[in-house]
Amino acid sequence: MITDWLSNIYLWTKSLHVISVIAWMAGLFYLPRLYVHHTEQTTPGTQMDGVFQMMERKLLKLIMNPSMIATWLFGLMLVLTPGIVDWTAFWPYAKGASVIAMTWFHMWLAARRKDFVAGEFRLSGRTYRMMNELPTVLMIVIVFAVILRF
């Protein structure tokens, strides 16, 4: 049965989930910083603009997207593992809402990359600096929810 299989590989799933989250978070912390420098140090169409676009594309496509997908995959496997989630507690809902918000932020960052590709520097470096705090707040909520299980 699938639940027996998930129970048998629980520690592997948990380990892969943590690894995926670390990779995803690294990208969520770094991409907005790249946007700060892209906005403040370049203008559309310059050689440096192209360098930033290449770095942003590779970070998003080669690291962030696969790690987000893996985070969701292994997270859902953990949710389906019997005895892991206490659905009468508040913590799984706090974590779930935070993960959805983090996924929204990921998609927001992807949309901003398309702005740069189109030569549109719509937002200021200050805006990207402020938005860069969102994944930190969400990470704090997730860690406290999972560890403290309130």
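No lab work stands behind these numbers, since they all come straight from the coordinates. Treat the numbers as computed from the prediction; the structure is a model and nothing was measured. So basically every Cβ, Gly included, is an ideal-geometry build from the backbone, and we count neighbours across all protein chains shown.
Could you work out the helix-only [θ] at 222 nm for the chain, with each DSSP H run of four or more residues adding -39,500 (n - 2.57) and the total divided by the number of residues, to the nearest 500 deg cm²/dmol? Before the final figure, lay out the partial values.
Details: 7 runs with 116 residues, N = 150.
Rounded to the nearest 500, it is -26000 deg cm²/dmol.
Segment 5-39 and segment 82-150 have Cα centres spaced 12 Å apart. When the charge dipole of the chain is built from unit charges on Cβ atoms (+1 for Lys and Arg, -1 for Asp and Glu) and taken about the Cα centre, the candidate among 68, 22, 53 whose Cα reaches farthest toward its positive end is 53.
Working from Cα pairs under 8 Å separated by at least six residues, relative contact order for segment 2-148 is 39 percent. Of the residues 139, 25, 54, the one that moves most in a GNM of the chain with alpha-carbon contacts below 10 Å is 54.
Considering only 78, 123, 147, and ranking their Cα positions along the charge dipole of the chain that arises from unit charges at the beta-carbon of Lys, Arg, Asp and Glu, the one farthest toward the positive end is 123.
Would you kindly calculate the mean projected area, averaged across all directions, of the convex hull enclosing the Cα atoms of segment 95-150, in square nanometres?
Details: hull surface 15.7 nm².
For segment 95-150, the mean projected area of the Cα convex hull comes to 3.9 nm².
All other residues with a Cβ under 10 Å from the Cβ of residue 92 taken together, and with Lys, Arg as +1 and Asp, Glu as -1, what is their net charge? Show your work: numbers first, answer last.
Numbers: positive: 95, 149; negative: 86.
With Lys, Arg at +1 and Asp, Glu at -1, the neighbours total +1.
Each principal axis of segment 33-150 carries a Cα extent, and these read 55, 25, 17 Å when sorted largest first.
Within straight-line reach of residue 58, meaning a Cα separation under 18 Å, sit the following aspartates and glutamates at least 8 residues removed in sequence or on another chain: 49, 115.
Which FRET efficiency value, to the nearest 0.05, is calculated for residue 19 and residue 47 with the Förster distance at 30 angstrom and r the Cβ-Cβ distance? After rounding to 0.05, the efficiency reads 0.25.
Take the Cβ-Cβ distance between residue 1 and residue 148 as r, set R0 to 25 Å, and report the resulting FRET efficiency rounded to the nearest 0.05.
Numbers: r = 32 Å, r/R0 = 1.26.
Efficiency for this residue pair is about 0.20.
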